[in-house]
1. Could you tell me whether any residue of segment 114-125 is touching a residue at least 40 places away in the same chain (Cβ under 8 Å), within 20 Å of R13 (Cα to Cα) and assigned to a loop (DSSP other than H, G, I, E, B)?
2. Check segment 84-91 and report whether any residue there is modelled with pLDDT of 95 or more and small (G, A, S).
3. Within segment 81-113, which residues are part of a strand (DSSP E or B), within 13 Å of the chain's Cα centre (by Cα), buried (at least 17 other Cβ atoms within 10 Å of the Cβ) and touching a residue at least 60 places away in the same chain (Cβ under 8 Å)?
4. Tell me, which strands (runs of 3 or more DSSP E) lie completely within segment 1-51 with 2 or more residues that are over 22 Å from S110 (Cβ atoms) and touching a Leu at 6+ places or on another chain (Cβ under 7 Å)?
5. What are the residue pairs meeting all of these: first residue in segment 7-32, first residue closer than 18 Å to F115 by Cα, second residue polar (S, T, N, Q) and buried (at least 19 other Cβ atoms within 10 Å of the Cβ), Cβ atoms under 6 Å, and 6 or more apart or on different chains?
6. Output the number of the condition that T74 fails; it satisfies all remaining conditions of (1) touching an Asp or Glu at 6+ places or on another chain (Cβ under 9 Å); (2) surrounded by fewer than 16 Cβ atoms within 10 Å (Cβ to Cβ); (3) of a type in the set (S, T, Y); (4) at pLDDT below 95.
7. Kindly check whether there is at least one residue in segment 79-86 that is within 14 Å of F33 (Cβ to Cβ) and of a type in the set (A, V, I, L, M).
Amino acid sequence: MEKYKFVTEYELRSSPKVLFPYISTPSGLEQWFAEKVNVLPDQNFDFEWDGESHLAHLASIRINKAVRFEFLDTSEDNTDNNYVELKLDVSDLTQTTFLRVTDYSGNKDSEELDFIWNGFIDTLKEIVGS
């Protein structure tokens with residue numbers, strides 16, 4: 001199946017140190033991204049949406065900068081898995097924090113992805129007071 005790379009960016013009025021636990025820890029992710037998140041052995045995470053379990057590997061983490069979750073068994077040959085990357089950037093000019101979302105999956109409907117991520121980020125902004 002052909003994959004689609006959806007990239008979008010959101011301005012958040014909070015520091016990377018405050019935001020990072022929300023994008024990297026199970027308790028933080030449960031507040032805005034998934035219904036339930038469990039940590040499994042070997043840096044694997046179990047994300048639950050609509051009662052369905054989705055296993056992902058924490059492929060990379062940079063403290064106060066970025067995380068990347070690669071979803072397991074989402075490709076026939078296990079070389080092109082779906083992933084979500086959440087990256088925090090601070091503008092040198094304005095000192096504003098931006099969250100760059102990269103959603104790589106088989107969903108090619110950019111309007112639907114935009115709607116989904118806007119909902120996630122609206123919830124995150126409410127939590128952090130942004």
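1. No, the conditions are met nowhere in segment 114-125.
2. Within segment 84-91, none of the residues are modelled with pLDDT of 95 or more and small (G, A, S).
3. Residues satisfying the conditions are L86, L88, L99, V101, D103, Y104, S105.
4. Correct list: 44-49.
5. Listed by first residue and then by second, the contacts come to L12/T97.
6. Failing condition for T74: (2).
7. Yes, the conditions are met somewhere in segment 79-86.
The values are calculated or read from the model by the stated rules, or taken from the named source; none is laboratory data. On a predicted model such as this, the values are computed, not experimentally measured, just so you know. Ideal geometry is used to build each Cβ from the backbone, glycine not excepted, and the neighbour counts take in all protein chains shown.
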